[in-house]
Amino acid sequence: MKKVSLLVQVFLMAILFVGCQFSEDLHINEDGSGKIAFSFDGSELLKMAGDKLGEGLGEEQKEEKAIDTLMVFKDYLEEKKDSISQLPKAEQERLKKLENFKMHMFMDPKTMEMNFDLYSDFKNVSDLGNIFNDFKTASSLGGKKAGSSVGAPGDPLSNTEGDDPTKVSYTFKGNKFKRVTEILDEKQLKQGLDSLEQMKMFLASSKYKIKYHFPRRIKNISSKEALFSQDGKSFTLEVGFIDYMENPKILDVEVELED
């Protein structure tokens, strides 16, 4: 089995801290189809953690090359289908959600860059779920796959998480678009917050941003903090990551478009 690389150690540390800068980018066409991308920029965390994570490592690990790879989840899930079939049904369903996604992973210890981009096309925006939870699952698989040999202890399939504490739904009908978050498990959500209590100093400057693009100009929007693009067809809403974790509904919006 290969040793877990320095880059993967940094990545898993990022997942533990939950991250630095997150961005949810949604493009919706007139017929409700479109594309979504979720981006994670952990470069600042990589700079902060790089020296500490390098302590005790051999020169070979310290000099390792950058990781620049594309993970196609449809192919990955097909490759691992026998292992997946032995998982609990809830975990199989969690992995199934990634089937139409691709993820580009780039980590370079020399330039201190770390970026993950998860993206997919969709036929109807209502088919989307909680893209942040999908990202956590996808990036955990991608990070561990980069550092573990197939079938080795630490295989990501043995470490998938339980049910999500929140559910996000998107609807686009006529002139109305809605992003609605439902809290499914208050206790589990609180446990997640408690686990971050000692990490708040690392997360103080972390942001969660949504950027939504529509086929027509925006007439009204429920959020007073949203910033509009020059053409009036897009808006950006940014909140503190800790604020988002404490209140996932903070990014819920209702948008009315012009005729």
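Go ahead and run the numbers for FRET between LEU193 and SER83, Cβ-Cβ distance against an R0 of 35 Å, rounding to 0.05.
0.65
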Quick one: if you stick a label point 7 Å off each Cα along the C-beta vector at GLU186 and ARG216, how many nm between them? 4.0 nm
Within 10 Å, count the other beta carbons around each residue, average over each peptide in 245-256, 30-41, 80-91, and list them highest first. 30-41, 245-256, 80-91
So, in nm, how far is label GLU256 from label SER229 when the simple model puts each one 7 Å beyond its Cα toward the Cβ? 2.2 nm
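FYI, it's all coordinate maths here, none of it is from the lab. Note that the structure is predicted; figures quoted are calculated from it, not measured. Cβ sites come from the backbone with ideal geometry, for glycine too, and all protein chains shown count toward neighbours.
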